[in-house]
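Everything below concerns the one structure shown next.
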Amino acid sequence: MHRIILTTVVCFTVILANAQVFNTAETLKPLKFNLGVAPVYFNNNFGLYLMGGVGIKSDIDFSLKYAVLETEDYFGADLEWKLLNRKSVDLSLTTGCHNYFDFGLDVSGNVSFNIKSDIAMYTGLDIDINFGDDLYAPFWIPVGVQIGLNRTIAFIFEAEIPLNPSAYPIIDGGFSFRF
């Protein structure tokens, strides 16, 4: 019941958001924070992507995401649940909401392949359900790499491959800082 209430509150208090960038299957430990910054190419716009997250409890985290873009800014929120945590592979489910021209709901399944303790490749499936004049659902396959530079800083590069006509290309690369 608490999860449903928290998800509802997040979706209705955050009116501009998306779970689109940095789709790793990694979740934050309880009360740990991260901040991310990356230049982004998003729906034929260049901009700056910012995100912040906090670990809520073991294997669950919450994040806010904001992209300053040429046409319309993007703001989103999501909850991520770790479903599988193995030495070589992690699997998570992310749910959230956003506003980018239209309000939408987000869901993504993410899988990370841990190549070394500080290097992971990841992919998954990212789907939005957008409520514009008509209901439409763009979806993508994210493909990325995360390279830990030290214990607190990681470099992340990602491309989201559009899979249907309502999806658009997304490419970003930047840094994530953990506290």
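The values are calculated or read from the model by the stated rules, or taken from the named source; none is laboratory data. Keep in mind the model is a prediction, meaning the values are calculated, not measured. Here the Cβ is made from the backbone with ideal geometry for all residues, glycine too, and neighbour counts use every protein chain on show.
Values as computed for the structure displayed
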quantity: Residue pairs meeting the criteria (Cβ under 6 Å; at least 6 apart or on separate chains; first more than 19 Å from Ile119 (Cα to Cα), in region 153-179; second acidic (Asp, Glu)); calculated: Ile170/Glu160
quantity: Index of the failed condition, Val145 passing every other in (1) of a type outside the set (Gly, Ala, Ser); (2) within 26 Å of Leu105 (Cβ to Cβ); (3) in contact (Cβ under 8 Å) with a residue 24 or more places away in the chain; calculated: (2)
quantity: Region 99-158 - residue that is of a type in the set (S, T, N, Q) and under 15 Å from the mean Cα position of the chain (by Cα) and, of those, farthest from Phe22 (Cα to Cα); calculated: Asn99
quantity: Residue, surrounded by the most Cβ atoms within 10 Å (Cβ to Cβ), within region 120-179, restricted to residues that are polar (S, T, N, Q) and touching a Leu at 6+ places or on another chain (Cβ under 9 Å); calculated: Ser176
quantity: Residue match in region 88-102 (condition: of a type in the set (Ser, Thr, Tyr) and at pLDDT below 95); calculated: yes
quantity: Scope region 32-54; condition in a strand (DSSP E or B) and surrounded by fewer than 19 Cβ atoms within 10 Å (Cβ to Cβ); matching residues; calculated: Phe33, Leu35, Val37, Pro39, Tyr41, Asn45, Phe46, Leu48, Leu50, Gly52, Val54
quantity: Complete set of residues in region 62-81 that are among the small types (Gly, Ala, Ser) and over 11 Å from the mean Cα position of the chain (by Cα); calculated: Ala67
